[in-house]
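Novice: The structure under discussion is supplied below as structure tokens; questions concerning it will follow.
The values are calculated or read from the model by the stated rules, or taken from the named source; none is laboratory data. Model, not experiment: these values are computed from the prediction. For neighbour counting, all protein chains shown are included, and Cβ atoms are generated from backbone atoms with ideal geometry for every residue, glycine included. Just so you know, the surface numbers come from the protein's heavy atoms only, side chains and all, with ligands and any DNA or RNA stripped out. Shrake-Rupley method; radii C 1.70, N 1.55, O 1.52, S 1.80 Å.
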Amino acid sequence: RPIVTNQLCAKGKLPPDALPPLHCCPPASTSEPVNFTFPDPTEPLRKRRPAHAGGGAEEHMAKYARAVALMKALPSSDPRSFYQQANVHCAYCTGAHRQAGRPDLGVQVHFSWLFYPFHRAYLYFFERIAAKLLWDPGFALPFWVWDVPEGMRIPEVFVDVASPLQDPIREKSHAPPKVADLDFVRGAEKNLTDEQQTLLNLRLMYKQVHSSVVYFTFFSPSTLFAFSSDPDSGVLLFLLLLLFETFIQMVSNAALPSLFLGQPYRAGDPERPGAGSVELAPHNTMHVWTGEKSRPHAENMGVYYSAGRDPIFYPHHANVDRLWECWRGIIDGGGRRGRHAEFADPDWLDSSFLLYDEESRLVRVTVRNVLDAEKLRYAYDDAGVGLPWLGARP
Ligand code: C2O
């Protein structure tokens, strides 16, 4: 029983002191939703680039700023407007959208296995809308690469008061050059030196991404085989470990994806069954770190209903999406597991969301539709960024 989003959208559960707008349902579609189709495979691959300065980022960020300005200039009734795009997040996190067949139940895309695929689909359409408004078919989102030392600050352009990327409802004491705290807890500033904070951040990244793959670097028979100097006991050890590893692999194929991707969430289930490691931190923590401390819910970024109103939300989520690809890469790099590390459960694959595309058509997109970034015609240009935290075992 996959979670199928219904067109029915009711007023969600917003906190009583929420900042307006208080309704976050999308404009009603005049026609039935169409099923998602993949973009033409000959479309240019959109290369998402880091948002921090250097290597052509200025031009890239200027385009992003122009796209946000164009979206902000559309009437708020237009599903492609910045207003409506920000509301998409609100509608999928406050229970405004209903589940098909269960009008009493909302769809909550956080704290479950819907987290990565939903946000990927959301960014996919956001990026295509931006490209269309810019008349730039190759336009790609920047990503805020807070997991590497050069990117651990809010990129400068976001605090330029003249830029459409600036958001007045954002924590001022965390403006650059303040180094982000990827493990931030509200009300508990760590007051570390930049070096200390950077090191803590790298260790957190190692822990959060590696926790679900560490088995395979640890228990790999070939590595342990090398430890044995006696050839006879070495062979025995090798066979034992091979058996052991086969066993671990069978068990973990079911258990490990949820550590990273989040817990199963099916039609009719109570919402928020459990988040994956990176969703909790740095994803949630960076939301709260970015939001304004003195607001009741750390608006805008620090709470679901308003997070999409800050233009930094989209580069933040591009980085979360990139980490999904990195996690897959680490597993593939082990050489044995490949994409089996993900759920094969049809309840995951057939879950679906309704989102407006760049032609203002309401599209039904399933989890299955968004599993291959290349088929969606985008990629991360992160060769120069690297994964410095892979070596940051605490
Ligand atoms: Cu939908 Cu960053 O949360």
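Novice: If contacts are Cα pairs under 8 angstrom and at least 6 residues apart, what is the relative contact order of the chain in percent?
Specialist: Value for the chain: 30 percent.
Novice: Just order 29-41, 118-130, 273-285, 69-81 by mean Cβ neighbour count inside 10 Å, highest at the front, would you?
Specialist: The packing order, highest mean first, is 118-130, 273-285, 69-81, 29-41.
Novice: Size of the dipole of the stretch 83-195 about the Cα centre, Lys and Arg at +1 and Asp and Glu at -1 on the beta carbon, nothing else charged, in debye to 20?
Specialist: The dipole magnitude comes to about 600 debye.
Novice: Still on this structure, please answer the following. What shape does the stretch 1-119 take by its C-alpha gyration tensor, where a ≥ b ≥ c are the square roots of the eigenvalues and a/c under 1.5 counts as rounded, a/b above b/c as prolate, and the rest as oblate?
Specialist: Prolate shape, in that a/c is at least 1.5 and a/b is the bigger ratio.
Novice: By a straight-distance test (C-alpha under 15 Å), which aspartates and glutamates pair with LYS13 as possible cross-link partners, with residues fewer than eight away in the same chain excluded?
Specialist: The reachable aspartates and glutamates, counting only those whose Cα sits under 15 Å from LYS13, are ASP104, GLU271.
Novice: Before rounding to the nearest 500, sum -39500 (n - 2.57) across all DSSP H runs of length at least 4 in the chain and divide by the residue total; then give [θ] at 222 nm in deg cm²/dmol.
Specialist: -11500 deg cm²/dmol
Novice: By how many nm would the segment from ILE169 to GLU374 grow when fully extended, if each residue of separation counts as 0.36 nm and the alpha-carbon distance is taken off?
Specialist: 70.3 nm
Novice: Considering only protein heavy atoms, what per residue accessible area in square angstrom results for the chain with a 1.4 angstrom probe?
Specialist: 42 Å²
Novice: For the stretch 343-381, which GluC sites (Glu not before Pro) pass both filters: DSSP loop (anything but H, G, I, E, B) and at most 10 other C-beta atoms within 10 Å?
Specialist: Here the sparse-neighbourhood loop sites are GLU374.
Novice: What are the principal axis extents of the Cα atoms in the chain, in Å, biggest first?
Specialist: Ordered largest first, the chain gives principal extents of 75, 51, 45 Å.
Novice: Please tell me which of these pairs span more than 20 angstrom C-alpha to C-alpha: LYS63/LYS178; LYS190/LYS293; LYS178/LYS293?
Specialist: LYS63/LYS178
Novice: Distance in nm between label sites at ARG203 and SER29, each 7 Å beyond Cα in the beta-carbon direction?
Specialist: 4.9 nm
Novice: On to the next question. Which value in nm describes the separation of the simple spin-label points at THR193 and LEU390, placed 7 Å from the Cα toward the beta carbon?
Specialist: Taking the simple label geometry, THR193 and LEU390 are separated by 2.9 nm.
Novice: In the chain, what percent of the accessible surface is made up of carbon and sulfur (1.4 Å probe, ligands and nucleic acids excluded)?
Specialist: 60 percent
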